[in-house]
Each structure stands twice: as structure tokens, then as C-alpha cells.
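**Student:** The following block contains the structure, expressed as C-alpha cells.
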Amino acid sequence: MTPAPLDSTLLRTWRYTYRVPLLLWHAVVDLPIVLLLMSPLTGGIQVRGMRLEYRLIRWWSWVLMRVFGITVRGVGQSLPGATMFVANHVSWVDIVVLHSQRMMGFVAKREIAGWPLIGWMAARAETIFHQRGSTESLGGVVEQMVARLRNGQSVGAFPEGGTRGGRGLGPFHARIFTAAVEANVPVQPVALRYGEGGNAQTRVAFQPGENFLQNFLRLLGDPPCIADVVFLEPILPGDVEGRRRIAETARERIAAVLPADPE
């Protein structure tokens, strides 16, 4: 009999023994401190050219990923100022990973608002919640995105509209790019790769029938891995005409740096 399953169980148990206390500390101690420092009284404080609350969100997100054994690496340069960032969608960790590198108000499904810990921080991180399948909701989301972009803020979205188990890259829905066109701001594609060369995409993704809590607990015991946040060549206003062509161009640039067939 191969000892691999026993080794795997022992290693997973060992990871839980030190990660669970770290997670509890981050939720019970760090999170209240972060939320306290994000009060209206500190809204105008700048730290090295960035609002204090944004730096706190980035720090909290980076530490949360470290608790899970995920080391985030930024590759390339993110655009400053009002930018629409679009990325491939693998798992719930995508928003946290991206927030550890760049502050942006995400468009996310409404269900996330009710997720323990993650939903709470998502709401404080200027997330725009969208009801999937609702045309009326999407119209309101686009309006909010345009308003924020015109106000000089950045927004992020997953144009695939959902996760795909970490396998392949789905089509990008063009309507979400209306916000960038109307606000006349650049779109920067971002590729999210988990594991060296993207070999952990399917492991990080939701498994068939797996809900948020099950995925959360599984990842908490999984082996450490790298998460690359690859900021790609931006699409500047006037580079490409029309939201559909912008969507296609963004998808092409992300697909070019993702694994063709993740294991």
C-alpha cells in the first residue's frame, strides 16, 4: 500500500494546526483594527501617495493569502488612476489576490456579500454587487462603474461572468466594457495564474458540487502555492473601436499567458 494518502492527511492536518489559529487572529484581531482605521475620520489620510484605507485593504488581503499559503507575485505594472481592470475568473480568492496588488472596486455576484469574512471585507472594499441573470441589475452596475471611473477611481470585473473550474478561458461578455467606453478610460487585462506556470488553476478553483465554505476549508489545508497577478498591455482609449473588440482584445492578451491545458 502506498503511503501517499497517509502523508497527505498528515500534512493537511499539520497545515490546519497552524493556519487555523492564524486565520482566527486575522479575523478577530486584525480585521477590527483595519475596520477601525477605515473610519470616516481617516478618510483623507494619505500614506506614500495612497489613501490609508486602500493600503489597509491591500495589506489585509495580502496577509489573508499568506495564511492560506498563497504567495502573491505581481508581474508587470498596473496603470495608475481611473482604469478598468479585467481578469480571468478562477475562484473566490481572485478578488483577494487582486486587492493585495491594486485597489479597485470589483463587480461581484451578490451572493458574495453574505460570505463570512470575505463578504464583509468585500463590501468595505467598494465592491459593486450584481444579481446574475438580471439585465436590470447589470444596467445599474454599469452606471455605477461609469460614475466611479469618471470620479477617478478604478474598477475591476470578471468578463467571463463566472468560474469554469480552472479549465480554459470562457468568452468575455462585451456589455461590461460599456463602462470603459462611456468613461473614456483605459482597460488593463490581468491574468491570474495559480501555481508555477498555472499548474494549480484547477486545484484552486471550485470543484464540482463544492460550495464556498467547502472550498474555503479545503484551500486552507492545501499545499502552498504561488499566485501570479500579471498586468498586461493596456488597451487605451482609441486603440480599439467598440466594446466587443475591446473585449476580444482583452481576452486574447490574457489567454496568451495562461496555461493552455491546466493539470
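Each reported figure results from applying straightforward, stated rules to the coordinates on display, with no laboratory input. Because the structure is predicted, anything quoted here is derived from the model rather than measured. We place every Cβ from the backbone using ideal geometry, glycine too, and count neighbours over all the protein chains shown.
**Student:** Amide H of Gly105: which non-local residues (sequence gap of 5 or more, or other chain) have their own amide H closer than 5 Å, using H built in the peptide plane?
**Tutor:** Hits under the 5 Å cutoff: Ser154, Val155, Gly156.
**Student:** Taking Rg and Dmax of the Cα atoms in Å straight from the coordinates, which label in (i) 19.6, 65; (ii) 22.5, 72; (iii) 18.5, 63 is the correct one?
**Tutor:** Read-out taken from this structure: (iii).
**Student:** A further question on this structure: If amide hydrogens are placed 1.01 Å from N in the peptide plane, which non-local residues have theirs closer than 5 Å to the one on Ile70?
**Tutor:** Cys225
**Student:** Moving on. Hey, got a sec? Which GluC sites (Glu not before Pro) in the range 165-245 land in a DSSP loop and have at most 10 other Cβ atoms within 10 Å?
**Tutor:** Working: sites: Glu182, Glu196, Glu210, Glu241; in loops: Glu210, Glu241.
Hits after loop and neighbour filter: Glu241.
**Student:** Which whole DSSP H helices in the chain pass both tests: a Cα extent of 30 Å or more along the axis and a mean Kyte-Doolittle value no lower than -1.0? Could you put the intermediate results ahead of the total?
**Tutor:** On the way: long enough: 4-25 (32 Å, 0.06).
Helices meeting the criterion: 4-25.
**Student:** Okay, next question. Going by Cα centres, the range 8-51 and the range 185-223 are how many Å apart?
**Tutor:** Taking the Cα centre of each part, the range 8-51 and the range 185-223 sit 20 Å apart.
**Student:** Now for a separate question. If I build a Gaussian network model for the chain, linking alpha-carbon pairs within less than 10 angstrom, which residue out of Ile45, Ile226, Ile176 has the largest mean-square fluctuation?
**Tutor:** Maximum among the listed residues: Ile45.
**Student:** Measuring from the lowest to the highest alpha carbon on each principal axis, how far does the range 142-187 reach, largest first, in angstroms?
**Tutor:** Largest first, the range 142-187 extends 36, 17, 16 Å along its Cα principal axes.
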